[in-house]
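The values are calculated or read from the model by the stated rules, or taken from the named source; none is laboratory data. Since we're looking at a predicted model, the values are computed, not measured. Note: ideal-geometry Cβ built from the backbone for every residue, glycine included; neighbour counts use all protein chains shown. Accessible surface is based on the protein model in full, side chains and every heavy atom, while ligands, DNA and RNA are left aside. Shrake-Rupley method; radii C 1.70, N 1.55, O 1.52, S 1.80 Å.
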Amino acid sequence: MKLDHSDVAQLADRPLPRFDAGPLIDFTSFERGAVINGLGPLAMLARAHGCPFDKTAAMTFFGVRDASHSFYAPRLDWGFRPTEPQATDGLAHLLMAGDASLRARRIAAFLRALGTPSIPSVDVLEQAEARAEVDRIDLEILIPTADPRKRRPIIIEAKFGHHLTTGQLSRYLKARRNSRYDYANGDFVLLAENDRAAKRLKGRQVTKWRLVTWQTLWLRFERARPEEDNPDLSAFLSFLWNRVGRN
């Protein structure tokens, strides 16, 4: 059928039907929440075979509260897994995103996930700084103290499958042992894939450094972090879980 100019003009004048975006939104939500949406069928399958499985318990375990959870983020397949510098650079950048109040609450949640003692108030943490690869320290959070000349260092040495090298941890401590840092109240964390990494701690390191696994950090942080519309953080945590959640 061939349309002439008058036919085209009539079509142009005709009001377009209202577009219903609902099905697209529903489909996108289902696709992005593939992990969450799979829990219901998995629970039914488990019950059918006499295996206990509680969807609510799983949601609680992973800290799923709303659509800001990383399991609702797009499942990215970039053909590689994040390296240590990529993981720590990403964390430092995303911890510092947003306004001061949100940033402080996010950093507080991260410190709780690390198990850091004596976490200060949100007001104090508004002046905290997260940074990566300074003085070859993988990740650190610097917290203001009562002395405006000093900051309390939270130092994190991150490992993905690699072992500690001789003198590595002592170099980090020396880098923060000066008048600008409240070294005595610092927190020093070895972030590793499993508990076996603790065997690499020698001498004074055993009492100075704490071991936290990537899985533990991820789960605690996802449960504790504030609700926010931050697709970058959600996608990053989803990508990171694909690296650390299968050990």
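Suppose R0 equals 22 Å. What FRET efficiency, 1/(1 + (r/R0)^6) with r the Cβ-Cβ distance, do Ser118 and Arg177 give to the nearest 0.05?
FRET efficiency, Ser118 to Arg177: 0.65.
Sort Arg171, Arg243 by heavy-atom solvent-accessible area, probe 1.4 angstrom, most to least.
Highest to lowest solvent-accessible surface, that is Arg171, Arg243.
At 0.36 nm per residue, and after removing the present C-alpha to C-alpha distance, how many nm does the segment from Glu129 to Ala100 gain when stretched out fully?
Additional length available on full extension: 9.4 nm.
For the residue pair Arg47 and Phe61, what label-to-label distance in nm results when each label sits 7 Å from Cα along the Cα-to-beta-carbon direction?
For the pair Arg47/Phe61, the computed spacing is 1.8 nm.
With viscosity set to 1.567 mPa s and temperature to 4 °C, compute the Stokes-Einstein D of segment 91-192, Rh being the Kirkwood radius across alpha carbon pairs; µm²/s, no decimals.
Calculated translational D: 93 µm²/s.
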